[in-house]
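Here's the structure we're looking at; comments come further down.
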Amino acid sequence: MTRTIDPSDLQPNEFYRYVIGTVGPRPIAFASTVDSQGNVNLSPFSFFNVFGYNPHTLVFSPSLNRHGHKKHTLLNLEEVGEVVINIVNYAMVEQMSLTSAEFERGINEFEKSGFTPVPSQRIRPPRVAESPAAFECDVRQTITTGDKPGAGTLIICDVLLAHFHDSIFSTSGAIDPHQLDLIGRMGGDWYCRAHGDALFEVTRPKVGIGVDQLPKSIRNSAILSGNDLGKLASFAALPTVDEISAFRESGTLNALFDEARNGCQYLPDLLHMRAKQLLAENKVQEAWLTLLQTGSF
Ligand SMILES: Cc1cc2nc3c(=O)[nH]c(=O)nc-3n(C[C@H](O)[C@H](O)[C@H](O)COP(=O)(O)O)c2cc1C
């Protein structure tokens, strides 16, 4: 069953709950801005992402508040088109949340939250020392989607300079997601944390044969899941007949064949179950070789 909803049948804030609850987890731009007097503001925005890398483009969006008024961040950006987009990790979540309270304009949320300001090198707003990554940005363009409560203003930013904590790098020099411990915003008051078992790798295929090319017995398997089929179909080419018979002769599957014979078990099911295990270990070639064993043993 599916619930199909036309946004125009609901109040904007009602439909918004469905959108915000399903479009996620969203990264958080912890935006530091200043007004023309130099008063500092710090607020979180999860309507945020990266949209290009030549030039390096970050976009976030402060919406008009429930009264249809501009948030302080947007007012500041209209006066000084510069922003530090600080990245938020798990260690920062409660203090970050505190800065989203509706403080009066001119109140410095660095002081309210206890975060440490560090002067920026290229722009006026300071960055957050505790953030594992911070991007000094210039505002390239703003795009407003309306003038009613909830309408967005896309702040399109060029990255001028970036700061990264040494601790988030692996020995190879790449960013290590395990060290970063990022958080994401979900619907309501829910967040998620990118660490431990929540992190996993998916190898991106250069070419793949596609699910449509999988043999029917595999595609319609009651044992293999959609993820299993996706892994199999991301393989560039099926193993050759020689590879399949060499694998058979290697004896790797002998115990399984015995089990089928002696236990009167259905061999294709046993092969699919073994392939499923192999796929979980990312042994895709071996999974293919297992699945393509046919005939009597
Ligand atoms: C994690 C988090 C994400 C948020 N994302 C947004 C957002 O994307 N857009 C928005 O308008 N408000 C967002 N808010 C609410 C603003 O942070 C809040 O309205 C804040 O008071 C705005 O501050 P300002 O008026 O000083 O700019 C978010 C709040 C939290 C806690």
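Bear in mind that the values in this text are calculations on the coordinates, not laboratory data. A quick note: this is a predicted structure, and the numbers were derived from the prediction, not measured. Cβ sites come from the backbone with ideal geometry, for glycine too, and all protein chains shown count toward neighbours.
Per-residue ellipticity at 222 nm for the chain, helices alone: DSSP H runs ≥ 4 residues times -39500 (n - 2.57), over residue total, nearest 500 deg cm²/dmol?
Helices in the chain give a 222 nm mean residue ellipticity of -7500 deg cm²/dmol.
Need one number: nm distance between label points at N220 and E79, each 7 Å from Cα along Cα→Cβ, rounded to one decimal.
So the label points at N220 and E79 sit 6.9 nm apart.
Spit out the partnerless Cys residues in the chain, using Cβ distances under 4.7 Å as the pairing rule.
By the Cβ distance rule, which asks for a partner under 4.7 Å, the isolated cysteines are C192, C264.
Using DSSP to define loop residues, name the trypsin sites (Lys or Arg not before Pro) in region 245-284 whose beta-carbon has at most 16 other beta-carbon atoms within 10 Å.
K283
Please give the FRET efficiency for N227 paired with I175, using the beta carbon to beta carbon distance and R0 = 35 Å, rounded to the nearest 0.05.
0.85
Just tell me the longest site-free run in the chain, where the sites are GluC sites (Glu not before Pro) in a DSSP loop having at most 13 other beta-carbon atoms within 10 Å.
1-101
Roughly how many nanometres apart are two label points built 7 Å out from the Cα toward the Cβ at Q141 and A255?
Placing both labels 7 Å along Cα→Cβ, they lie 6.1 nm apart.
What FRET efficiency comes out for the pair H195/Y53, r = Cβ-Cβ distance, R0 = 35 Å, nearest 0.05?
So the FRET efficiency works out to roughly 0.85.
Can you give me the relative contact order of region 211-291 as a percent, contacts being Cα pairs under 8 Å and 6 or more apart?
Relative contact order, region 211-291: 35 percent.
For region 68-83, list residues with backbone N below 20 Å from a point placed 7 Å from the Cα of Y16 toward its Cβ?
The answer is 68-76, whose backbone nitrogens lie closer than 20 Å to the label point.
If each residue of separation counts as 0.36 nm, what is the full-extension length gain between A237 and K283 once their alpha-carbon separation is subtracted?
15.1 nm
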